[in-house]
Structures are given as structure tokens and as C-alpha cells.
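Heads up: the structure comes next, in C-alpha cells.
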Amino acid sequence: AINSWINMFDLDAFIVRPFNNYGPRQNYKGYLAGIIPITAYRILNDINPEIHGTGLQSRDFIYVLDTVDAIIKLYPLIEKADSIKINTEGQMSMQEVISKIVKLMDYKGEVLNRPARGADVECHNASNAKVKSMIDYQLTSFEDGLEKTIQWYQENIK
């Protein structure tokens, strides 16, 4: 579809496939809220965090500013209609994510176990060899990004 638009309107466009972005300002409300913001919101509001299913489902989390940095660096280099994955090549289970949030927020309450959700994918994983071959690809550690993210939630969400 993007090829049609590029050819029809001579657009300078490419496809970015970012993996699980997280960071300040991420939505914490509703069914589609990410695990990091919804867990921070729950703890800030004295609501127990939840793990759905086994908690072993894994995702490749990337700090949102790393995604933005990569897109800006890629823009002058990438060919029209090309696509690129932006990820860390790292996997973290939902259990690990919640454990890190609980520790960072000094939460002492119970983490509830809930039934698995039907649409949960067990693993999101991909190679980032292409992006690393094109730009200086510097990534924020999950711990540093999570700390900045939680600090923002603590200052802005009640």
C-alpha cells in the first residue's frame, strides 16, 4: 500500500516497525494500556498490579526516545518504501517487568494473578541488524528508561 502512495504522489516515505515502546506520557487508561503505565497507575492509586496468564509472555521493550532518535537518523539514509524494525533484540517477560516496577516503586502489596487473555502473543522478537548497519544505534538500558518513565508517572499521574 505504501508503494502505491509513493508512486502515485511521489511521497518520501518509509515504514518503521517499532517494537514495544515505553516511556513518559504512554497511555495508562483502558483495555489497550501498556503493562508499564497501567502497573504504575495501579500502584500509585493503591490498586493491586496484575499478571495475566503465566507472566512468561515476553516483549522487546524499547525506550521511546531511542525510537525517535533512530527515525531521525534513518530519515536521510533509508530508501523510499523501505521498511525497518526498531527494537533492542532483548526479551523481557511480563513477570520481570512487573517485578522491576514493584521494586522501583517500593510496592509491598500483592501482585494478582489473572487468567490469560485470549489475544496475548507469547513472544515478540526480531532482528535489528539492519538498523544497526545503517546508523549509530545507541539504546537506553531498560532500567534507566524505566526509572525515567516511573518518575514521570509519579509526578504526573494520580
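The values are calculated or read from the model by the stated rules, or taken from the named source; none is laboratory data. Not measured: the values here are computed from a predicted model. Here the Cβ positions follow ideal geometry from the backbone for every residue, glycine too, while neighbour counts run over all protein chains shown. Areas reflect the complete protein model, heavy atoms only, side chains present, ligands, DNA and RNA absent. Shrake-Rupley method; radii C 1.70, N 1.55, O 1.52, S 1.80 Å.
So is ALA13 in contact with a helix residue (DSSP H, G or I) (Cβ under 9 Å, 6 or more places away or on another chain), part of a loop (DSSP other than H, G, I, E, B) and either modelled with pLDDT under 95 or open to solvent by less than 50 Å² (accessible area, probe 1.4 Å) (or both) or not? Working first, answer last.
Numbers: in contact with a helix residue (DSSP H, G or I) (Cβ under 9 Å, 6 or more places away or on another chain): yes; part of a loop (DSSP other than H, G, I, E, B): yes; either modelled with pLDDT under 95 or open to solvent by less than 50 Å² (accessible area, probe 1.4 Å) (or both): yes.
Yes.
Could you tell me how many of the residues in the stretch 116-137 are without any contact (Cβ under 8 Å) to a residue 12 or more places away in the chain and either under 17 Å from ILE78 (Cβ atoms) or polar (S, T, N, Q) (or both)?
Let us first name the residues in the stretch 116-137 that are without any contact (Cβ under 8 Å) to a residue 12 or more places away in the chain, namely 118-119, 129, 132-133.
Checking which are either under 17 Å from ILE78 (Cβ atoms) or polar (S, T, N, Q) (or both) leaves us with 129, 132-133.
Of the residues in the stretch 116-137, 3 are without any contact (Cβ under 8 Å) to a residue 12 or more places away in the chain and either under 17 Å from ILE78 (Cβ atoms) or polar (S, T, N, Q) (or both).
Out of SER58, SER83, report the one residue that is in contact with a His (Cβ under 8 Å, 6 or more places away or on another chain) and within 17 Å of ASN128 (Cβ to Cβ).
SER58
Can you tell me which residues in the stretch 33-85 are closer than 18 Å to SER141 by Cα and of a type in the set (S, T, N, Q)?
Selection gives SER58, THR67.
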